[in-house]
Amino acid sequence: MAVNEENRAVSALEAPRYSCALGGAHSAALALYGAVPILHSGAGCGLGQLFGQHYAGGQNSGGPQGTTNTPCSSLVEEHVIFGGENKLRDLIKSSIEIMEGNFYTVISGCVPSLIGDDVDSVVKEFSKQVPIVHVKAAGFTGNSYHGYELFFDAVIDQLLKPLPPEKGLVNIFGIVPYQHVFWKGDLKTIKQTLASIGVKANIIFTEFNGLENLQNIPAAELNLVFSPWHGHTVVKKLAEKFGTPFLEFPSVPVGPKQTSKFLRKLAQELKLRDNVVEQYIAAEEKITYRFTEYLGDALILGFPHAYYAVVADSASAIGITQYLTNEIGYLADIVIITDNPPEEQRHIIREELSEGLESAVKPEIVFEIDSHLIRQKLKNRSFLVLFASSLEKHIAGEEFSAVHLSVAFPVLDRLIMERSYAGFHGGLALMEDYVSKYVGPL
């Protein structure tokens, strides 16, 4: 953040909207309770994730196996010339002896990929001793969303075995740990919501029996992916290897309309009893809309039918934009997508942010990761509210006179633990956070 002392103008410096592939794989391993990541990389690759990925994911720590505790081969020039396999072998051996865990994930970064270390062979030496996989995640191969998929790619190939399908069991994918800043709360909310209609969600991350849940992936009757593109390669690979069908949703559902639509689609796919699902939906909609009435005055007297802008990853942008437009009656001015989705998936995002909105007012949709260009795109607009990352916090008021709320990576101005905008009540949580930014004279 730079401050010009003469005119006190505050501006955002360029900063990444995601980490590298190694960062995504490292974060996935840390999110799995009992897993021990072992980095085969330069020393800075692990510590860099602490500041660039974990703190930026809502000021979260990496946990007992993260921060400076993650074992790392700390490769230097000597290993570039003579190879780092011996050092990795010693590191895995000592990590198993010292680090308390039940699943070891060796993540190789850029250096071993360039010098040709045979990491697979080294890891295989320990495969009969402990559950262990090797994730090839050279940082230059992609971003942290790609690293999340590489983690599951390794798990599917090296750990999972066929299991008989369990009726009513579903896996949850597409919610990327740390990168999706509300990942912990969203997973918990989805699990509780599905339990209410008799569906068991197999949550891989945050649960104490993480390894058991990971190994139980092939038993699912159905895989659910909550993103227009994150995690799609995972569910497609599971379909090919284990024959598990999958359903795609553009985001975690935010508020009653999206949640009811999600549950009805799931109920149809799993052939659930209609009366159970509809009774649950009716009860939840009734109480949620009753509580929505309490925010009416603060909303109408403060910013009625306001134009707003969104700067977020594609899944977060879709869920939040559809809720604000379709449930609150707000008018979307511009939506800037910051997770650099592949070209072939962008038409789905455009469709969700245009045809998916129950309004004559449609936003301009921009795909951009550069903070300077994002700032330029936000100029000369009508929006009064900006739902974005914390990179836009200081320019929102100073430059655009807009109320700002951090809802997408990076988020460095909020501590996010179990907060969630998912489910029937998630929209109310979003409105609490947003309206609290301006309501009240004192």
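Annotations for the structure displayed:
- Structural size metrics of the stretch 310-442, computed from C-alpha coordinates, are Rg and Dmax of 14.2, 49 Å.
- For Rg and Dmax of the Cα atoms in Å, the value computed from the atomic coordinates appears in the list [x] 23.5, 84; [y] 25.8, 77; [z] 22.4, 69 under label [z].
- The stretch 205-239 and the stretch 388-442 have their alpha-carbon centroids 30 Å apart.
- Computed about its Cα centre, the charge dipole of the stretch 301-435 is approximately 320 debye, with only Lys, Arg, Asp and Glu carrying charge at their Cβ.
- Cβ-placed point charges (K, R +1; D, E -1), dipole of the stretch 353-429 about Cα centre in debye, nearest 20: 120 debye
- Surface analysis of the stretch 55-126 yields an accessible area of 50 Å² per residue, using protein heavy atoms and a 1.4 Å probe.
- Carbon + sulfur, % of accessible area of the stretch 42-114 - ligands and nucleic acids excluded, 1.4 Å: 57 percent
- From the alpha carbon centroid of the stretch 279-344 to that of the stretch 250-264 is 12 Å.
- All-pairs Cα distance distribution in the stretch 26-153, expressed in whole percent, bin size 5 Å: 2, 11, 23, 26, 22, 12, 4, 1, 0
- Top positive-direction residue, dipole computed over the chain with Cβ charges, set S314, T259, G174: T259
- Kirkwood hydrodynamic radius of the stretch 126-274, from inverse mean 1/r over distinct Cα pairs, in Å: 15.9 Å
- Simple rule: put +1 on each Lys or Arg Cβ and -1 on each Asp or Glu Cβ in the chain, find the dipole, and look at F208, Q192, C45; the Cα lying farthest toward the positive end is Q192.
- Pairwise Cα inverse-distance average, inverted: Kirkwood Rh of the stretch 102-197 (Å): 15.7 Å
- Relative intensity, log₁₀ I(q)/I(0), of the stretch 225-345 from a Debye sum that treats every alpha carbon as a point, q = 0.15 Å⁻¹: -0.86
- Dimensions (Å) - the stretch 274-374, Cα atoms, principal axes, largest first: 43, 39, 23
- GNM remark for the chain: springs join alpha carbons under 10 Å apart, and the peak mean-square fluctuation among S127, S406, S113 falls on S127.
- The antiparallel fraction among DSSP beta bridges confined to the chain stands at about 5%.
- Charge dipole of the chain (Cα centre as origin; +1 on each Lys and Arg Cβ, -1 on each Asp and Glu Cβ, all else neutral): 780 debye, rounded to the nearest 20.
- Label zone at Q279, where the point sits 7 Å out along the Cα-to-Cβ direction: the stretch 188-207 residues whose backbone N lies under 15 Å: 196-199
The values are calculated or read from the model by the stated rules, or taken from the named source; none is laboratory data. Just so it is clear, the model here is predicted, and its values are computed rather than measured. Backbone-built Cβ (ideal geometry, glycine too); neighbour counts: all protein chains shown. Only protein heavy atoms, including side chains, enter the accessible area calculation; ligands, DNA and RNA are left aside. Shrake-Rupley method; radii C 1.70, N 1.55, O 1.52, S 1.80 Å.
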